[in-house]
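The values are calculated or read from the model by the stated rules, or taken from the named source; none is laboratory data. Quantities reported herein were computed from a predicted structural model and do not represent experimental measurements. We place every Cβ from the backbone using ideal geometry, glycine too, and count neighbours over all the protein chains shown. Areas reflect the complete protein model, heavy atoms only, side chains present, ligands, DNA and RNA absent. Shrake-Rupley method; radii C 1.70, N 1.55, O 1.52, S 1.80 Å.
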Amino acid sequence: MTLNYLKLEKTEGVATVKLARPKHNVLDIAMMRELNTVLKQLADDAALKCLVLSGEGPSWCAGVEVGDHKPELVDDMIQTFNGIFENLDRIEVPTIAAVHGACLGGGMEVAIACDLIVASEKAVFGQPEIKLGFFPPYAAFRLPQLVGPAKAIEICTTGRRYTAAQAFAMGLVSQLAAPENFEADLNTLIGEIRYNSPLILRLNKKAVKAHLGMDMARGIAGVSDLFLNTLMKTEDTLEGIKSFEEKRKPEWKNR
């Protein structure tokens, strides 16, 4: 597949998708379609262990092309943009937004759709749509889950920019890194994930996501059922136990 706006690399179960549309990786409809195609393919990769979304150039992603918000284009734009969130949600292994620079508007929406955000201390976050007379649809849905309704309303109604440290303090960013350590810290996290079975990674993520919002009784019943009737019947869980007892590195079968 020829990629015009993205760069894709797959190594040892880790896929890195780099946004590469100069100068600030602003998403237009064509770039969003390309990203959707890549995400759909990765969602069907049973050997995948982790997806990393990174950015080329000074910004991670500075938003969605303003021109694509015009009435004659906006229906197509929203449908295509929402596809990114739907396709990210289909990916059953950890997804990481590796944010090194400006992460604004639609770019921030894509970042918060990932499971984890690893941010350089130089990164900047914000939803400035209100300054152009818009609101960010996905952020309006997702931000209350991450930072609570009050902070979500602040972010959306002020259009304020937040430092990476501020985003970390509010729980938006899961890991903060000094610029000189950004790649090393990111690679450490990737390495910790890569060590594990792709099947067991998927089950761990499912255990967290499938029971969000449930009451205690239903949630515990659900995760216990997943543990006893799915996890404990996998070859990789039995291999994990055996490798621990034999004091050796596990040899995962992904089944």
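Miscellaneous remarks
- Accessible surface for ARG248 stands near 80 Å², nearest 10, in the context of the full protein assembly shown (1.4 Å probe).
- Considering only alpha-carbon pairs that sit under 8 angstrom and 6 or more positions apart, the relative contact order computed for segment 108-222 is 29 percent.
- With the cut-off at under 20 Å, measuring from each backbone N in segment 82-106 to a point 7 Å along the Cα-to-Cβ line of MET1 picks out 82-98.
- In this structure, the residue pairs whose Cα-Cα separation is over 21 Å, taken from LYS209/LYS247; LYS10/LYS253; LYS40/LYS205, are LYS209/LYS247.
- Excluding exposed DSSP-loop GluC sites (Glu not before Pro) (at most 14 other C-beta within 10 Å), longest clean stretch of the chain: 13-245
- Fraction of beta bridges assigned by DSSP in the chain that are antiparallel (%, nearest 5): 30
- Placing +1 on the Cβ of every Lys and Arg and -1 on the Cβ of every Asp and Glu, with no other charges, gives the chain a dipole of roughly 300 debye about its Cα centre.
- Ranked order, THR2, THR80, THR158 - accessible area, probe 1.4 Å, largest first: THR2, THR158, THR80
- D (Stokes-Einstein, µm²/s), Kirkwood Cα radius, segment 197-246, 1.002 mPa s at 20 °C: 184
- Kirkwood-Stokes translational diffusion coefficient of the chain, alpha-carbon pairs, 4 °C, 1.567 mPa s, µm²/s: 67
- Positive-end residue, the chain charge dipole about Cα centroid, Cβ charges, pick of ILE84, ALA123, GLN166: GLN166
- Pairs of alpha carbons in segment 100-195 whose separation is greater than 20 Å (percent): 34
- In the assembled protein chains, ARG142 presents an accessible area of approximately 50 Å² (probe radius 1.4 Å).
- Heavy-atom accessible area, probed at 1.4 angstrom with all protein chains present, ranks LEU146, LEU88 as LEU146, LEU88, highest first.
- Based on protein heavy atoms only, segment 174-255 ends up with 66 Å² per residue of surface accessible to a 1.4 Å probe.
- Stretchable slack from ARG90 to MET214, in nm (0.36 nm times residue separation minus alpha-carbon distance): 42.6 nm
- Cα centre as origin, Lys/Arg/Asp/Glu Cβ charges: segment 1-118 dipole, Debye: 360
- Rolling a 1.4 Å probe across all protein chains gives CYS156 an accessible area of roughly 20 Å².
- Label-to-label distance, nm, for residues given as TYR195 and ALA20 (7 Å Cα→Cβ offset): 3.1
- Taking the accessible area of the chain, probe 1.4 Å, and keeping the other protein chains in place, the carbon and sulfur fraction comes to 56%.
- Under a 5 Å amide H cut-off, with hydrogens placed 1.01 Å from N, ARG161 pairs with nothing among residues at least 5 apart or on other chains.
- When each of LYS49/LYS249; LYS49/LYS242; LYS7/LYS151 is checked by Cα-Cα distance, pairs over 26 Å: LYS7/LYS151
- R0 of 35 Å, Cβ-Cβ distance GLU56-PHE141: FRET efficiency to nearest 0.05: 0.80
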